[in-house]
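Engineer: Take a look at this one; I'll ask things after.
The values are calculated or read from the model by the stated rules, or taken from the named source; none is laboratory data. It should be emphasised that the depicted structure is a prediction, and the values quoted were computed from it without experimental measurement. Every residue, glycine as well, gets a Cβ built from its backbone with ideal geometry; the counts of neighbours run over all protein chains shown.
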Amino acid sequence: MPNDCITYQNSGYFIPLIVDYLDQKSELKSLYNRFPTIENFKFQLEEKGENFPIENRKILVDALKKQHTNFHISEVTTNNIELLNQPNTFTITTGHQLNLLTGPLYFIYKIITVINLTKELKAAYPENNFVPIYWMATEDHDFEEINFFNFKEKKIRWEKESNGPVGRLNTQGLDNVFDAFSFELGLGNNANYLRDLFQKSYLEHDNLADATRYLTYKLFQKEGLVIVDGDDSELKKIFIPYAKNELLHQTSFKKVNETLPLIKNYSIQVNPREINLFYIQDQLRERIIYENGNYKINNTLLSFSESELLTELENNPENFSPNVILRPLYQEVVLPNLCYIGGGGEIAYWLELKSNFEAHKITFPVLLVRNSVLLVTKKQQSKLVKLHLRWEDIFLDQKTLLNNKTKDFSKFTIDFSEQRETLKRQFEVVNEIAHQTDPSFLGAVKAQEVKQLKGLDNLEKRLLKAEKRIHNEKLERIVQIQNQLFPNQGLQERTANFSSFCEEIDSFDSFLNQLQNQLQPLEQHFSVVIL
């Protein structure tokens, strides 16, 4: 089967803003600092190195050690945490929600993209250290987005009420999820591995943050990954000046709104609020709203004067949580970070934020679209070969794919373009005659031309439809294989969980190694991985 390259731009699965970003369109260059190339990281290293305070490193390292007090982590991760004390150590970061059992596959692809980029940078800049970071979105509250995962055709769901930050959510009720998952798994070493992984992650930890940390470290324990929980009072102390600015001056609201007109021709991913901070407790996460001279906590009776709220911020910074607009700034204040890695939607909203970073004098990171992958079993690959399908074929929308393959299978040329051109030339002659006679004749000639061209269009469609009936069996097989690889005509990585492939792989370690060996962070194309 041809190893053709499906670029992100040509895949049909990326929004126009990201396509133009990847093509480095000149009109977008003011929205980012540097495009992700090995050469550009040299300048990013210099800028971040000059702008990241050495005292923030000690606070970061101390906070990470405290976060890992009750966790057994690998020696390489322990070493990476210590390396963050050194001024020549930098991070590569991705962030993600606390999806149950990692959620869709792209969580794994994000982490691997981060790990692989740190290795590439170490090879290019050996005098520096590069630490892979997973920033857990522990302060999110969108529980309905994370409380399930898809195992093959089944949705395994955790039924629970959640009102506060999801990282603080207790793990009660996940024993029922384990029972349901275990029943579906069946037998075998990989099934037993998944049972053990789920049980030790979710049934032996008290909250979702700790469970997710354990699970992620278990999957990537050899790679030196460092997991950061931003729901941390010591880290938020560093962010107090920026949170204070947000409360008093609404800088992010002003700066992002200045940027939005620059992308008015695209879909806006997120719109800023006047204040982009939440007030949080274990069972509370609500917006802070300035109204009639006071700061109110939305949907509650809580209200603060300016001085009261600033005192609360100084004494209890852990009660203040940045939203999607402000979280990137918090992350880059806390970390000596060079690059943020995310999906197309994430990178699109980061492209709204550069002016806010400049206003706060914080280095804007390099933005890298994560690796995207299509997993294909050997059996599926064999079917694709028999149907004479290339990789680029199966990325097409289904209607276009079936039309193209029908034309390939047919012994006729189902394209009346030549006939249309012949008809147009004939009518050019008739039009010339009409011009030399009665001008009123021109309208009749034009109407007849339109009618006959439409007739050819209809004949072409009817011939295509007739040929589809003749080749129905092969076309049905094409539909079936494409639906397997693109569930609901969407990307596999956005719905399927890694556990669904337990019967197709030797082990999950070998599966992750295969991905790490194949994915190239700075290449802008889909990776097709044969299991």
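Engineer: Go through the range 86-109 and report how many residues are among the aliphatic types (A, V, I, L, M) and assigned to a helix (DSSP H, G or I).
Structural biologist: 3
Engineer: How many residues, within the range 487-502, are out of contact with any Leu (no Cβ under 7 Å at 6 or more places or on another chain) and either aliphatic (A, V, I, L, M) or within 19 Å of residue 345 (Cα to Cα) (or both)?
Structural biologist: 5
Engineer: For the range 255-303, give me each residue that is of a type in the set (A, V, I, L, M, F, W, C) and touching a residue at least 60 places away in the same chain (Cβ under 8 Å).
Structural biologist: 256, 260, 262, 263, 268, 270, 278, 280, 284
Engineer: Restricting to the range 190-216, and then to whatever is buried (at least 20 other Cβ atoms within 10 Å of the Cβ) and touching a strand residue (DSSP E or B) at 6+ places or on another chain (Cβ under 7 Å), can you tell me which residue is nearest to residue 99 (Cα to Cα)?
Structural biologist: 212
Here is a yes/no grid of residues against (1) surrounded by fewer than 23 Cβ atoms within 10 Å (Cβ to Cβ); (2) of a type in the set (Val, Ile, Thr); (3) part of a strand (DSSP E or B):
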site: 111; (1), (2), (3): no, yes, no
site: 114; (1), (2), (3): no, yes, no
site: 117; (1), (2), (3): no, no, no
site: 122; (1), (2), (3): yes, no, no
site: 127; (1), (2), (3): yes, no, no
site: 130; (1), (2), (3): no, no, yes
site: 141; (1), (2), (3): yes, no, no
site: 144; (1), (2), (3): yes, no, no
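Engineer: So, of the residues in the range 427-454 that are surrounded by fewer than 12 Cβ atoms within 10 Å (Cβ to Cβ) and either among the acidic types (Asp, Glu) or under 30 Å from residue 405 (Cβ atoms) (or both), which turns out to be modelled with the highest pLDDT?
Structural biologist: Ranking the candidates gives 454 first.
Engineer: Another question, then. Only one of (1) within 26 Å of the chain's Cα centre (by Cα); (2) crowded, with 16+ Cβ neighbours inside 10 Å is not met by residue 26, so which one is it?
Structural biologist: Condition not satisfied by residue 26: (2).
Engineer: Can you name every residue in the range 5-51 that is within 21 Å of residue 521 (Cβ to Cβ), part of a loop (DSSP other than H, G, I, E, B) and either without any contact (Cβ under 8 Å) to a residue 40 or more places away in the chain or among the acidic types (Asp, Glu) (or both)?
Structural biologist: Across the range 5-51, the qualifying residues are 23, 24.
Engineer: Now for a separate question. Among the residues of the range 83-105, write down those that are within 17 Å of residue 217 (Cα to Cα) and touching a Lys or Arg at 6+ places or on another chain (Cβ under 9 Å).
Structural biologist: If the condition is that a residue be within 17 Å of residue 217 (Cα to Cα) and touching a Lys or Arg at 6+ places or on another chain (Cβ under 9 Å), then 94, 95, 96, 100, 105 are the ones that fit.
Engineer: Moving on to the next point. Yes or no: the range 485-498 includes at least one residue that is modelled with pLDDT under 95, touching a Ser or Thr at 6+ places or on another chain (Cβ under 8 Å) and not in a helix (DSSP H, G or I).
Structural biologist: no
Engineer: What strands (runs of 3 or more DSSP E), lying completely within the range 319-394, carry at least 2 residues that are buried (at least 22 other Cβ atoms within 10 Å of the Cβ) and out of contact with any helix residue (DSSP H, G or I) (no Cβ under 6 Å at 6 or more places or on another chain)?
Structural biologist: 337-342, 373-376
Engineer: Can you tell me which residues in the range 159-176 are out of contact with any Phe, Trp or Tyr (no Cβ under 7 Å at 6 or more places or on another chain) and without any contact (Cβ under 8 Å) to a residue 60 or more places away in the chain?
Structural biologist: Listed by number, the residues that qualify are 159, 160, 161, 169, 170, 172, 175, 176.
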